[in-house]
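Engineer: The structure follows.
All of the numbers you see were taken from the coordinates with simple rules; none came from a lab. This structure is a prediction, so every number in the text was calculated from the model and none was measured. Neighbour counts run over all protein chains shown; Cβ positions are idealised from the backbone, glycine included.
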Amino acid sequence: MPHFAAGVVRFQNEVYPEKKELFEKLSLGQSPEALFITCSDSRIETAMITQTDPGELFICRNAGNIVPPHTNHTGGMTASIEFAVAALKVPHIVVCGHTECGAMKGALNPEGLDELPHVREWLGYSKAAVDVVKEIAPDADPDTRMRLLLEQNVILQLQHLKTHPAVAAKLAKGTLKLHGWIYDIKTGDVHAYDEAENRFVPVEDHYAEEMAKLATHGRCAA
């Protein structure tokens, strides 16, 4: 804990003064550009990966970056999704999986979770992804099987998102877009799901047109 306390002191003395204007603005409210759903894994640092400042992302984290399908049962993910979409009106939702995911390893081998009953039940929301991998790649080697599961789990959670009423309404109106990402911890690479091609491609390729427009706008503004 002393390490964390020292970090707080450095934040107060060094970081905050440099961004004082930003924090004063944020104290008046928030208007994030995206709901970012990712894993609780301590190796995932959303601000570092996306190079965003406070206030730009509304973040939900849990084991396996899971989105339970909508039911009448109120849970933390359901309430957070509803708030982000209906109240904050975020125009984007990102579901971001990652390599070396312990949750997905557990989903592939649920028999090893007997001492973790709540984890085992939670990972049931990824069972369809596990079944898809077994069906399409029954003889795949462990590394290939895991990569496929990471991808199929992100795709499955995007499908689950569509069952949430607030999400379905905004998608129908065209004011919300869903994105599926996979982050590679070792290489830093991020791949995005291309629904038209049904495959994951590098983010620089998937968003090339949008990034070009952003760069042009930036030059014009300058």
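Engineer: Report the full-extension gain for the segment residue 20 to residue 163: residue separation times 0.36 nm, less the Cα-Cα distance, to one decimal in nm.
Structural biologist: Taking 0.36 nm per residue and subtracting the Cα distance, the gain is 47.5 nm.
Engineer: Right, next: May I ask for the Kirkwood hydrodynamic radius of region 104-143, worked out over all distinct Cα pairs and given in angstroms to one decimal?
Structural biologist: About 10.7 Å, per the Kirkwood formula over Cα pairs.
Engineer: Can you put 58, 83 in order, fewest other beta carbons within 10 Å first?
Structural biologist: Lowest count first: 83, 58.
Engineer: If we sort 118-129, 145-156, 66-77 on the protection proxy, mean other Cβ atoms within 10 Å, highest first, what's the order?
Structural biologist: 145-156, 118-129, 66-77
Engineer: While we're on this one: Check which residues have an amide H placed less than 5 Å from residue 41's amide H, if you skip close sequence neighbours.
Structural biologist: Result for residue 41 returns 64.
Engineer: With θ set to phi - 60°, apply the Karplus curve 6.51 cos²θ - 1.76 cosθ + 1.60 along region 31-36 and write out the HN-Hα couplings as whole Hz, x wherever there is a Gly or Pro.
Structural biologist: 8, x, 7, 8, 8, 10
Engineer: I've got another one for you. Hey, what's the per residue convex hull volume over the C-alpha atoms of the chain, in cubic angstrom?
Structural biologist: Cα convex hull per residue, to the nearest whole number: 176 Å³.
Engineer: How would region 94-222 be classified by its alpha-carbon gyration tensor: rounded, prolate or oblate, with rounded meaning a/c under 1.5 and the a/b versus b/c comparison settling the rest?
Structural biologist: Cα axes put region 94-222 in the prolate bin.
Engineer: Next question. About the Cα centre of region 31-221, what is the dipole size in debye to 20, counting +1 per Lys and Arg Cβ and -1 per Asp and Glu Cβ, all else neutral?
Structural biologist: The dipole magnitude comes to about 640 debye.
Engineer: Let me ask something else. Mind listing the long-range amide H neighbours of residue 200? Cut-off is under 5 Å, sequence gap 5 or more, other chains count too, H placed in the peptide plane at 1.01 Å from N.
Structural biologist: 194
Engineer: Roughly what % of DSSP beta bridges within the chain run antiparallel, to the nearest 5?
Structural biologist: Bridges in the chain that DSSP calls antiparallel: roughly 30 percent.
Engineer: Using a 7 Å offset from Cα along Cα-Cβ at residue 10, what residues in region 162-188 end up with backbone N under 16 Å from the label point?
Structural biologist: none
Engineer: Given H placed 1.01 Å from N in the peptide plane, which residues other than close sequence neighbours of residue 177 have an amide H under 5 Å from its amide H?
Structural biologist: Those qualifying (amide H under 5 Å, at least 5 residues apart or on another chain) are 92, 93.
Engineer: ³J(HN,Hα) across region 145-162 via Karplus (A = 6.51, B = -1.76, C = 1.60, θ = phi - 60°), whole Hz, x for Gly/Pro?
Structural biologist: Result, ordered by residue: 4, 5, 4, 4, 5, 4, 5, 5, 5, 4, 4, 5, 5, 5, 5, 4, 4, 5 Hz.
Engineer: Classify region 1-103: rounded, prolate or oblate, from the alpha-carbon gyration tensor (a ≥ b ≥ c, eigenvalue square roots; a/c under 1.5 rounded; otherwise prolate if a/b is larger than b/c)?
Structural biologist: Cα axes put region 1-103 in the oblate bin.
Engineer: How large is Rg/Rh for region 46-119, to two decimals, with Cα atoms and a Kirkwood Rh?
Structural biologist: Radius of gyration over Kirkwood radius for region 46-119 works out to 1.02.
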